[in-house]
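Reviewing the structure listed below.
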Amino acid sequence: MIRNPWRHNEPLDHAELARLLPPPADPRLAADRQDLLEEYLMSEIHQSDHAPAASPARRPLRRAVLFAAPVAAAAALAVVVSVGGSPGADTVAAPELVKAPVVQIEEGSTVQLASTVREIAAAATARSTPQPGPGQFIYIKSRVSFMSTRNNVDTGESTTWVQPLHDREVWKSPDGTKGWLDEPGYQDKGGITLDNNEPRKQSTYKWLAAQPSDPEALLKSVYATVSGDRDHDQQAFDEIGSVIREQLVPSALAAALYEAAGKIPGVVVVEHAQDVSGRNGIALARLDPQTGVRSEWIFDRESHQYVGSRGVQVREFDGVKPGTVVERTTIVTRAIVDAKNQRPGAGRATV
């Protein structure tokens, strides 16, 4: 995955790092989180260090940067990267990080869960979804912000920041073997390839199109993709969430997917959840018992169409305070295009 070697101006003090970093509760991430982490690392390892400093570092070249995995798995695993030297000619300077938004935590409830899921499923059924043909690509443009934690090894101080909201564009072939990611400011100029001869099948359009439309059978199929010691109910919820966020769901399957999610233990309705533009929506949500982050899928209150996601720290974990918004995404465009790197225009099918 790493195409250019990291630049080391001074060797890492591994003993010191081990002392400062808490051990992860479970080093094994769900497969969808591994995919996101791989994409994220490919973009992050080329950044120069532009984080706001809590205090001057005596030896800035030894300052370790912890880039947490995106979305709710952020607190489950951190990757230590040594930063030093000048960025290469093919890289771009990363935008300054900003302080994470803090919101009032609204308690979720199961009282309206069944009726809310029915309304969301009905709205999904009513929408037509284009089907990609041979050689075509699924294009998804979103605006995103994920959490990054930077730790000064010399001082022992750490501060949690988030990326400013920025565009993320993804192209995926229906079988998942070809793709492209363009996230300006967080990777090499022009983007990076997502080509993979052995894609994780459950994240592909082809796999989704073959799934049963019965919610019970579909949920059983989702649970068959999870493994490890991490809470399996949360993994199932995250698995569906990753599909909703960055894939095209066939219309026949969309309603069953939401109905299946509503059957996962611990799923609640949050009556007021704001998307990245401040619009007030309603959310299906679940609290990760390991990280204390509540993953929220936000839907328009009137149309019940999915508009984005939010991750809110509900219980303090690893120094992140309750109410901190650690992840935000919103969908800008879903479309079918004829080639990788092509953006939708006249005559292109848009969802």
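The values are calculated or read from the model by the stated rules, or taken from the named source; none is laboratory data. All of these numbers come straight from a predicted model, not from anything done at the bench. Heads up, the Cβs are rebuilt from the backbone with ideal geometry, glycines too, and the neighbour counts pull from every protein chain shown. We work out accessible area using only protein heavy atoms, side chains counted, and drop any ligands, DNA or RNA first. Shrake-Rupley method; radii C 1.70, N 1.55, O 1.52, S 1.80 Å.
What whole-number value in Å² describes the accessible area per residue of segment 278-350 for a 1.4 Å probe?
Values: 2870 Å² over 73 residues.
Heavy-atom accessible area per residue stands at 39 Å².
Under 13 Å from the Cβ of residue 175, count the other residues' Cβ atoms, weight Lys and Arg +1, Asp and Glu -1, and hand me the total. Can you show the working numbers first?
Values: positive: 172, 178, 200, 201, 206; negative: 195, 198.
So the environment of residue 175 carries a net charge of +3.
Please go through the residue pairs 99/189; 99/321; 178/201; 189/340; 220/340; 141/340 and name each one whose alpha carbons sit more than 23 Å apart in this structure. Show your work: numbers first, answer last.
Numbers: 99/189 26 Å; 99/321 12 Å; 178/201 13 Å; 189/340 16 Å; 220/340 33 Å; 141/340 13 Å.
Correct reply: 99/189; 220/340.
Positive end of the dipole of segment 208-351 (Cβ unit charges, origin at the Cα centre): among 243, 339, 208, the Cα lying farthest that way belongs to 339. In the assembled protein chains, residue 137 presents an accessible area of approximately 20 Å² (probe radius 1.4 Å). To put it simply, the accessible area of segment 99-213 at a 1.4 Å probe is 49 percent carbon and sulfur.
Ordering 256, 282, 303 by the projection of their Cα atoms onto the charge dipole of segment 219-351, which places +1 on the Cβ of Lys and Arg and -1 on the Cβ of Asp and Glu, puts 303 at the extreme positive end. Using 0.36 nm per residue and subtracting the Cα-Cα separation, the extra length available between residue 154 and residue 227 on full extension is 22.5 nm. Spacing of the modelled spin labels on residue 263 and residue 206, each 7 Å from Cα toward Cβ, amounts to 2.7 nm. Compared with the alpha-carbon gap, the fully stretched path from residue 197 to residue 125 is longer by 22.6 nm at 0.36 nm per residue. The accessible area of residue 238, taken with all protein chains in place and a 1.4 Å probe, comes to roughly 0 Å². With the simple model of a label 7 Å out from the Cα in the direction of the Cβ, residue 252 to residue 216 spans 2.1 nm.
Full extension of the chain between residue 300 and residue 110 yields a length gain of 66.5 nm, computed as 0.36 nm times the residue separation minus the alpha carbon distance. Each residue was assigned an accessible area with a 1.4 Å probe, and for residue 287 the value is about 70 Å².
Using a 1.4 Å probe and counting only protein heavy atoms, arrange 167, 214 so the residue with the most accessible area comes first.
Working: 167 55, 214 80 Å².
Of 167, 214, the descending order of accessible area is 214, 167.
Taken one residue at a time, the phi angles of segment 299-312 give Karplus couplings (6.51, -1.76, 1.60, θ = phi - 60°) of 10, 4, 5, 8, 8, 6, 8, 5, 10, x, 9, 8, x, 10 Hz. Gly and Pro are set to x. A 1.4 Å probe run over the protein chains yields, for segment 151-251, 40 Å² of accessible area per residue, whole-number rounding. Between residue 339 and residue 103, the FRET efficiency from the beta-carbon distance, with R0 = 51 Å, is close to 0.80.
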